[in-house]
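S.K.: Could you have a look at this structure, given as structure tokens, before my questions?
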Amino acid sequence: VTPPPPTKPCVGTGFRVDSDPTGDQGGAPMNSDLDIQSVLIAEPFQTDGINRLVFTMKVADLSVLQPNRQYRIVWTPPVPPAMAGTDRYYVGMNTNAGGAGAATFDYGVVTSSGNVPISQGTPDAGTVDASGVIQIAIANNKVGNPGAGAVLNALSGRNFAGNGKATMPKTAAIESPAEGYYHQKGNTA
């Protein structure tokens, strides 16, 4: 058996926070577009000097963007968000309309009671491809400004079928693998 290649936070898709078997999503074999295979995080060097986190989620199949899907990466920061009643951040992709050009990206906070997502805006960048790779870049200062040495805890992917305004507990997700954590290194070359 050949081990998988090592993952590094400053190169490529970064450090693998979690991996999950293919085909274990709710409603399998349906919902392959929501079947999480891995969640990664990277801190590549930024030529503009703005520290960013780059989150990558790999799902089984995104050859067709189904309408009303939500792809979320949620984590607990070292310092809770400033908004009262919230304790986590998320980045995500929505496919509210389905079809070409239907993907939109957002980030926000999650309430500590009820797991309600509260969108705070659009991340710095977001991409999706048919192979199932979703990538979202966000400036650190939009998510509590964590720096080198900070730990992002309870980091997990959570995928849902719905309109994006529903609560997002792990128990309601079509797919939600185990939680991982990430020790930040910083964006320095």
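The values are calculated or read from the model by the stated rules, or taken from the named source; none is laboratory data. Quick caveat, the model's predicted, so the values are computed rather than measured. Counting neighbours? That spans all protein chains shown, and the Cβs are built from the backbone with ideal geometry, glycine included. The accessibility values were calculated without ligands, DNA or RNA, using every heavy atom of the protein model including side chains. Shrake-Rupley method; radii C 1.70, N 1.55, O 1.52, S 1.80 Å.
S.K.: Tell me, yes or no, whether the stretch 39-49 has at least one residue that is open to solvent by 30 Å² or more (accessible area, probe 1.4 Å) and under 21 Å from Glu179 (Cβ atoms).
M.R.: no
S.K.: Further, regarding this structure: Would you mention how many residues in the stretch 130-173 are in contact (Cβ under 8 Å) with a residue 40 or more places away in the chain and under 15 Å from the mean Cα position of the chain (by Cα)?
M.R.: So the answer is 23.
S.K.: To continue, here is another question. For the stretch 119-133, give me each residue that is in a loop (DSSP other than H, G, I, E, B) and not hydroxyl-bearing (Ser, Thr, Tyr).
M.R.: Pro123, Asp124, Asp129, Ala130, Gly132
S.K.: Only one of these is over 15 Å from Val17 (Cβ atoms), among the charged types (D, E, K, R) and surrounded by fewer than 14 Cβ atoms within 10 Å (Cβ to Cβ): Asp124, Asp129, Asp106, Asp87. Name it.
M.R.: Asp129
S.K.: The conditions are (1) under 22 Å from Ser63 (Cα atoms); (2) touching a helix residue (DSSP H, G or I) at 6+ places or on another chain (Cβ under 7 Å); (3) not basic (Lys, Arg), and Tyr107 fails exactly one of them. Which is it?
M.R.: (1)
S.K.: Among (1) out of contact with any Pro (no Cβ under 8 Å at 6 or more places or on another chain); (2) open to solvent by 50 Å² or more (accessible area, probe 1.4 Å), which single condition is Met57 missing?
M.R.: The failed condition is (2).
S.K.: Could you tell me which residue of the stretch 165-179 is modelled with the lowest pLDDT, considering only residues that are surrounded by fewer than 20 Cβ atoms within 10 Å (Cβ to Cβ) and out of contact with any Lys or Arg (no Cβ under 7 Å at 6 or more places or on another chain)?
M.R.: Among them, the one singled out is Lys165.
S.K.: Sticking with this structure for a sec: Considering every residue within the stretch 29-42, establish whether at least one is of a type outside the set (Gly, Ala, Ser), out of contact with any strand residue (DSSP E or B) (no Cβ under 9 Å at 6 or more places or on another chain) and touching a residue at least 12 places away in the same chain (Cβ under 8 Å).
M.R.: No; the residues of the stretch 29-42 include none that is of a type outside the set (Gly, Ala, Ser), out of contact with any strand residue (DSSP E or B) (no Cβ under 9 Å at 6 or more places or on another chain) and touching a residue at least 12 places away in the same chain (Cβ under 8 Å).
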